[in-house]
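Below is one structure; the comments refer to it alone.
The values are calculated or read from the model by the stated rules, or taken from the named source; none is laboratory data. Computed from a predicted model, the values in this text were never measured in an experiment. Cβ sites come from the backbone with ideal geometry, for glycine too, and all protein chains shown count toward neighbours.
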Amino acid sequence: MQYGRGAAAEAVSMHADFLRQSIDLAVATIRDTDTARFDDPSPCADYAVRDVVNHLAFGFLLAHRSGAREPWDPSWTAADRTPYLVGLPADKWAAACADEAEAAARAWADPAAWEGDAEMGGAAMPAAAVGSMMTAEFAVHSWDLAVATGRTVDVPDGLARAVLDGVLAIAPSGREGGWFAAEVALPADAPPFPRALAASGRDPRWTP
């Protein structure tokens, strides 16, 4: 189905808003994470709480560069520390993440960011697919971080459906690549966000 110009612009605005909501959720969850819990386990295999925060921080950098179409330094890696967290004490991570997250949100607020192709860590892919993937990424890892530290996340229905769409779009390649575990079985009438978690290989009932 092809959209008219007005409908297409409205769709881009909606997806940009979902990405902004997901980014804001991640920033708030990082900000409220006690650094004393950084060594606690998380639902992500082999990831402690510190690693989830670092992974989200790297995601903000990826999203910022991708949306702004800015050059990517191939030496950048999320191993141990995201580049802009290197040298920062743990109690400064939340503020640094918030700054980079805001840059990412601003970049994707521009409708042009959703057009054509964009690079994701050096690999080109449709920009709309990048935006959808990052919307899912930030919300799902916000949940990882929250439940690892005994909290919950509030994901509005619209965002939850967008996250589910984003997870389902990448789940086959995610499982093939080994960064998604096998889908967790849930009742057919489960809400969208738990279904997104389950499709990504997470058990929505996970506890520390």
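Details
- LEU61 vs. criteria aliphatic (A, V, I, L, M), modelled with pLDDT of 95 or more, in contact with a Pro (Cβ under 8 Å, 6 or more places away or on another chain) and surrounded by 12 or more Cβ atoms within 10 Å (Cβ to Cβ): yes
- Candidate set from region 94-132 (those that are closer than 17 Å to GLY174 by Cβ and at pLDDT below 95); member that is surrounded by the fewest Cβ atoms within 10 Å (Cβ to Cβ): ALA123
- ALA90 passes every criterion in (1) among the hydrophobic types (A, V, I, L, M, F, W, C); (2) buried (at least 21 other Cβ atoms within 10 Å of the Cβ); (3) under 15 Å from ALA57 (Cα atoms) apart from (2).
- Against the numbered list (1) modelled with pLDDT under 95; (2) in a helix (DSSP H, G or I), ASP24 comes up short only at (1).
- Members of region 160-170 that are among the hydrophobic types (A, V, I, L, M, F, W, C) and surrounded by fewer than 24 Cβ atoms within 10 Å (Cβ to Cβ): ALA160, LEU164, LEU168, ALA169, ILE170
- Selection status of THR33, part of a helix (DSSP H, G or I), modelled with pLDDT of 95 or more and touching a Leu at 6+ places or on another chain (Cβ under 8 Å): no
- Condition check for PRO208 on (1) touching a residue at least 60 places away in the same chain (Cβ under 8 Å); (2) in a helix (DSSP H, G or I): one failure, at (2).
- Considering only residues in region 91-101 that are within 16 Å of the chain's Cα centre (by Cα) and in contact (Cβ under 8 Å) with a residue 60 or more places away in the chain, the one that is farthest from ALA8 (Cα to Cα) turns out to be ALA94.
- Any hit, region 164-172, residues being under 27 Å from ARG37 (Cβ atoms), modelled with pLDDT of 95 or more and not β-branched (Val, Ile, Thr): no
- Selection within region 108-132 - touching a residue at least 12 places away in the same chain (Cβ under 8 Å), assigned to a helix (DSSP H, G or I) and more than 14 Å from PHE18 (Cα to Cα): ALA113, ALA127
- Residue within region 133-146 that is over 20 Å from PRO41 (Cβ atoms) and assigned to a loop (DSSP other than H, G, I, E, B) present: no
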